[in-house]
1. What is the residue count in the stretch 176-226 for residues that are hydrophobic (A, V, I, L, M, F, W, C), within 13 Å of the chain's Cα centre (by Cα) and either under 30 Å from L163 (Cβ atoms) or modelled with pLDDT of 95 or more (or both)?
2. Could you tell me which of the residues A186, A205 is hydrophobic (A, V, I, L, M, F, W, C), over 30 Å from L251 (Cβ atoms) and surrounded by 22 or more Cβ atoms within 10 Å (Cβ to Cβ)?
3. Give V322, V287 a once-over and let me know the one that is surrounded by fewer than 19 Cβ atoms within 10 Å (Cβ to Cβ), on the phi < 0 side of the Ramachandran plot and either in a helix (DSSP H, G or I) or under 28 Å from the mean Cα position of the chain (by Cα) (or both).
4. What about T152, is it within 18 Å of M297 (Cα to Cα), among the hydroxyl-bearing types (S, T, Y) and either in contact with a Pro (Cβ under 9 Å, 6 or more places away or on another chain) or surrounded by 19 or more Cβ atoms within 10 Å (Cβ to Cβ) (or both)?
5. G137 fails exactly one of the following numbered conditions: (1) surrounded by fewer than 23 Cβ atoms within 10 Å (Cβ to Cβ); (2) in contact with a His (Cβ under 8 Å, 6 or more places away or on another chain); (3) at negative phi. What is the number of that condition?
6. Are any of the residues in the stretch 109-125 within 24 Å of D256 (Cα to Cα) and under 13 Å from the mean Cα position of the chain (by Cα)?
7. Taking the stretch 163-194, which residues are assigned to a helix (DSSP H, G or I) and over 30 Å from G137 (Cβ atoms)?
Amino acid sequence: MSFPPLAEESLPRRMSALCRTVAARAAAFVRRARSRLGRSAHVPDDALCARRDADGRTPAPAGRPGIIPPAHPGRVPRLLTAAIAALMVASSLLGLTVRGLYQEPPSVVAMVRGLDAVNLAVAVPALAGSLWLAGRGSLRGRILWTGTLAYTLYTYVLFVFGLGFTATFLLHVAVLAMAIYALALALGSADREAFARRFRHRARARAAAIVLGLLGLGLGGIWTYYASRFALAGALPPEGLIVQPVSGLHLSYAADLVLIVPAYLLAAVQLWRQQPWGYLLGGTLLVSGTLQQVGYMAQLAFQSRARISGATATDPDEPPIVVAYLVALVLLLAGSRTPAAVGPGDRTAPGRLRPRPAT
């Protein structure tokens, strides 16, 4: 097929006309997109406008009266969470049932099996239940979900970097990698302003901030003191109630100082100042910390059951710490307002107008 030759003087004119046409259509597309976004963000549905009552109030959207349409988690973090739960079940069952799977000292094997038991009995059901609640638009459910993901991330850091090669090594690596990205996506996609509006209770938020601040300062201060003492005098840090080699103690110090202490202090400051990020981050860390205490108690119990020399079944200092976590978490979650009390500025479900409650 051949085309008729174009005159040299007509080519620039045709190219100029084509550019003007493309620019005009792009501008029209942008105007339509802005108009649609503006209508969805600031104007109620036509059906709602048509059903205004005699007092001029707009009824709630379809569903139960006064309930805010839910915010659903993204598809990718939901799929990652489901995969994490499945792999945690597989790796934990293998760790609890296969003898000789962990080629470590008996004290470390008992520790890891304690964590496997908590993962199987507590963390996996918590992941499934909290994801279901978050999918129904529950902000508390989202906090429980991100908190359980944070616990999973911390625990599998210990698995991946604290153990040698095992048959479950790749399972542990996969869980850790997916937990990192699922937590990042879940935190990044959350509407932090909605958390600030729902959980705005100054006294309770500041009480939770004090607990997080004290925990972060206490843990960071103790670990920094022992590490500094070793640097200056060469004295190894004392062993805790969990019997473990120095390498395991070193990993615990590193994980706490890198992951836990800065996050606790940041969340405490944000909560004290009532910043939107503080409510989500603070609740996430309190859930994760509570689950970590459960894991710590399980490690003690499994070492005692395995008759590890020097092991003890309980820690007398643990009940006050667990109570502090639980009280702070309950204060933070109980301080949220009901969905019907949130005004029309709430963006829990993007693009939908929230009706102002009847007065």
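1. The total comes to 9.
2. Only one candidate qualifies: A205.
3. V322
4. So T152 passes the test.
5. (3)
6. No, every residue in the stretch 109-125 fails to be within 24 Å of D256 (Cα to Cα) and under 13 Å from the mean Cα position of the chain (by Cα).
7. Residues satisfying the conditions are F169, L170, L171, H172, V173.
Condition check ((1) surrounded by 16 or more Cβ atoms within 10 Å (Cβ to Cβ); (2) in contact with a helix residue (DSSP H, G or I) (Cβ under 6 Å, 6 or more places away or on another chain); (3) closer than 25 Å to V327 by Cβ) across all residues:
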position: A194; (1), (2), (3): yes, no, yes
position: L214; (1), (2), (3): no, no, yes
position: G218; (1), (2), (3): no, no, yes
position: P237; (1), (2), (3): yes, yes, no
position: A254; (1), (2), (3): no, no, no
position: V261; (1), (2), (3): yes, yes, yes
position: Y264; (1), (2), (3): yes, yes, yes
position: Q270; (1), (2), (3): yes, yes, yes
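The values are calculated or read from the model by the stated rules, or taken from the named source; none is laboratory data. These numbers were taken from a predicted model, which means no experiment stands behind them. Reconstructed Cβ throughout: ideal geometry from the backbone, glycine too, with neighbour counts over all protein chains shown.
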